[in-house]
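Presented below is the structure to which this report refers.
The values are calculated or read from the model by the stated rules, or taken from the named source; none is laboratory data. Computed from a prediction, not measured in an experiment: that's the story for all the values here. No Cβ is skipped: glycine too gets one built from the backbone with ideal geometry, and neighbour counts run over all protein chains shown. Surface accessibility is based on the protein's heavy atoms, side chains included, excluding ligands, DNA and RNA. Shrake-Rupley method; radii C 1.70, N 1.55, O 1.52, S 1.80 Å.
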Amino acid sequence: MSFTGKYELQHQENFEPFMKALGLPDDEIQKGKDLKSISEIVQDGKKFKITVTTGSKVLKNEFTIGEESEIQLLNGEKAKVVVQMEGNNKLVTQVKGMKSVTELNGDTITYTMTMGDLTFKRVSKRI
């Protein structure tokens, strides 16, 4: 199953409390909470390029399954991670005390980040 495609954010849960916990300033949280975001994923075997555009903010990350990569987090920080694939439709990694799971089901991608007892979920559809 290939992740390649463009996906538009449909809805998200716990955006504000999660971004607060990441240390984002309130004004950025307020600006970002209602913006539609587009994720573009290019998968070439085990290599991934992911570009997320939210308003004027663009976040680009590249990684290879099973290899250490440096990615940029939602708060702008950079971190080293190793992304693993579970089955043929789930990307999983641990970063700075958070677990990140990206799951593809048909035309829907569900992105879940968990930090302690706080869970942030985004659901995007292929466009």
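A few points about this structure:
- Efficiency of FRET from Cβ geometry, Met1 and Thr54, R₀ 22 Å, rounded to 0.05: 0.30
- For the pair Asn89 and Asp117 in one chain, pulling the backbone fully straight at 0.36 nm per residue adds 7.6 nm over the alpha carbon distance.
- Alpha carbon centroid spacing (whole Å) that separates the range 16-69 from the range 80-125: 12 Å
- Segments 106-116, 56-66 sorted - mean Cβ within 10 Å per residue, highest first: 106-116, 56-66
- Using the rule -39500 (n - 2.57) for each DSSP H run of four or more residues, divided by the residues of the chain, the 222 nm mean residue ellipticity is -3500 deg cm²/dmol.
- Here the extension length gained between Glu103 and Thr64 equals 12.4 nm, from 0.36 nm per residue of separation less the Cα-Cα distance.
- Pairs of Cα atoms nearer than 8 Å and 6+ residues apart set the relative contact order; for the range 24-126 it is 12 percent.
- Taking all Cα-Cα distances within the chain, those exceeding 26 Å account for 14%.
- Karplus-based coupling profile of the range 110-127, in residue order and whole Hz: 10, 10, 10, 10, 10, 9, x, 9, 9, 10, 10, 10, 10, 10, 10, 10, 5, 10, with θ = phi - 60° in 6.51 cos²θ - 1.76 cosθ + 1.60 and x standing for Gly or Pro.
- Averaged per residue, the chain has 57 square angstrom of accessible surface, using a 1.4 angstrom probe with ligands and nucleic acids left out.
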